Each structure stands twice: as structure tokens, then as C-alpha cells.
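Quick note: the coordinates plus some simple rules give every number you see, no bench work behind them. These numbers were taken from a predicted model, which means no experiment stands behind them. Here Cβ is always computed from backbone atoms with ideal geometry, including for glycine, and neighbour counts include all displayed protein chains.
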Amino acid sequence: MSMETINCVLLDDDPRALDRMESLLQMVEGVLVMSKFSSVNDAMMHLPQLGPDLLFLDVEMPGMSGFELLKEIHKQQCYPGVIFVTGYDRYAIKAIKAEAFDYLVKPLDIDELKASLRRFKEKKQSNYLQGFGNLSDREKEILQLVAQGKTSREIGELLFISKHTVDTHRRNIQKKTSGIKK
């Protein structure tokens, strides 16, 4: 799973809302819609296998609310970030208590959606790097650039150091992190 790409799943009982959300997300670089569901049962069955980074979730759906769905998928050890997308603002406090990443009210504003995704990506990247507390600041900087797909030569040019120095840092990062479990 790339740190750069946010893998998303969409769940809304309104197929038009799903299509609209998907088309908005396609306008945002670094976002991949893995799947979309209009049925809570289908989503519950597939979410643990998909393992998305982020779940866009409606609140009110037939058969089960978005909050109930979260409890069920958590029982299956599936813990995606959640952005509630709903036509109602009255569930915002409940969403906060459910540890939702964000709460967006329909109709969605593309700038608000992009801002939310940018914050999610920053949080994801920060959480990823926190797992590497034993690295020096320079090693963390290099790891971040490696995660962005940069080559040693490109990193050297960006940081004004030689490719050889970057390779040495990469070896040190590998030694320090070989026992880390993610």
C-alpha cells in the first residue's frame, strides 16, 4: 500500500450519490476508488478483504446505520479512516465520538473534499513516519522521499548530497527498520 495513494471505498444507499462521489474523487490526484457499495451487507462482506485506507460512509441507510456498520467491521479487525458523507448535520457529534476523520454534508463542495483528503494524507504520512522514531531527521526526510518514489539520484539532487550518501542513509534506514512491524 503506497503512502501516496489513498485507497477508498464508498458506501451510500443512493446510487446517484455514489456516482457523484466517485466522479468528485476522480478529480483528486492520489485517490483510488477501490470499490463502491449501495448495500450495507455487501460492504460488510467485502470491506475487511479490501482493507481501504478511507471509507466514505453515509449515515442513514436501510437495514443498518453507518455507525452500526463501523461497529461490525471493527469486529472483523477492519479499521479504515472514515469520512461520513450525509445530508444531515445532526450526526456530527456522534461521528466525532465514533472517531470519524471528517464529516461532510451533501451536496459536497469539491474544495472541502480536497481539503479533507489533504489532511487525511498528511495524517497518514505522519502516522507512518512515527513508526520510525529511531531514525535521524535526515533519514526520515530520505524515507519520505523514497516513499514518494524518488530515486537515490533524485533525492541527492533535492537535498544537495551525493547519491552515495543517500545510498548510505538508505542502508542505515533498512538496518534500523528491519525489525519494525507495521
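Anything in the range 138-165 that is farther than 21 Å from Gln125 by Cα and surrounded by 15 or more Cβ atoms within 10 Å (Cβ to Cβ)? List them, or say none.
Step one: of the range 138-165, the residues farther than 21 Å from Gln125 by Cα are 153, 156-157, 160-165.
Matches in the range 138-165: Gly156, Ile161, Thr165.
So, in the range 109-137, of the ones that are loosely packed, with under 13 Cβ neighbours inside 10 Å and touching a helix residue (DSSP H, G or I) at 6+ places or on another chain (Cβ under 7 Å), which residue ends up farthest from Arg20 (Cα to Cα)?
Asn134
Report whether or not Ala17 is over 30 Å from Gln148 (Cβ atoms), assigned to a helix (DSSP H, G or I), over 13 Å from the mean Cα position of the chain (by Cα) and touching a residue at least 60 places away in the same chain (Cβ under 8 Å).
On the way: over 30 Å from Gln148 (Cβ atoms): yes; assigned to a helix (DSSP H, G or I): yes; over 13 Å from the mean Cα position of the chain (by Cα): yes; touching a residue at least 60 places away in the same chain (Cβ under 8 Å): yes.
The answer is yes for Ala17.
Do we find that Gly66 is touching a residue at least 24 places away in the same chain (Cβ under 8 Å), of a type outside the set (A, V, I, L, M) and crowded, with 21+ Cβ neighbours inside 10 Å in this structure? Quick ask: steps written out before the conclusion?
On the way: touching a residue at least 24 places away in the same chain (Cβ under 8 Å): yes; of a type outside the set (A, V, I, L, M): yes; crowded, with 21+ Cβ neighbours inside 10 Å: yes.
Here the answer is yes, as Gly66 does meet what is asked.
For Leu47, state whether it is assigned to a helix (DSSP H, G or I), aliphatic (A, V, I, L, M) and within 30 Å of Leu143 (Cβ to Cβ). Before the answer, list the steps.
Values: assigned to a helix (DSSP H, G or I): yes; aliphatic (A, V, I, L, M): yes; within 30 Å of Leu143 (Cβ to Cβ): yes.
Taking the combined requirement at face value, the residue satisfies it.
Among the numbered criteria (1) loosely packed, with under 15 Cβ neighbours inside 10 Å; (2) within 11 Å of the chain's Cα centre (by Cα), which single criterion is violated by Gly87?
With (1) loosely packed, with under 15 Cβ neighbours inside 10 Å; (2) within 11 Å of the chain's Cα centre (by Cα) applied to Gly87, the lone miss is (2).
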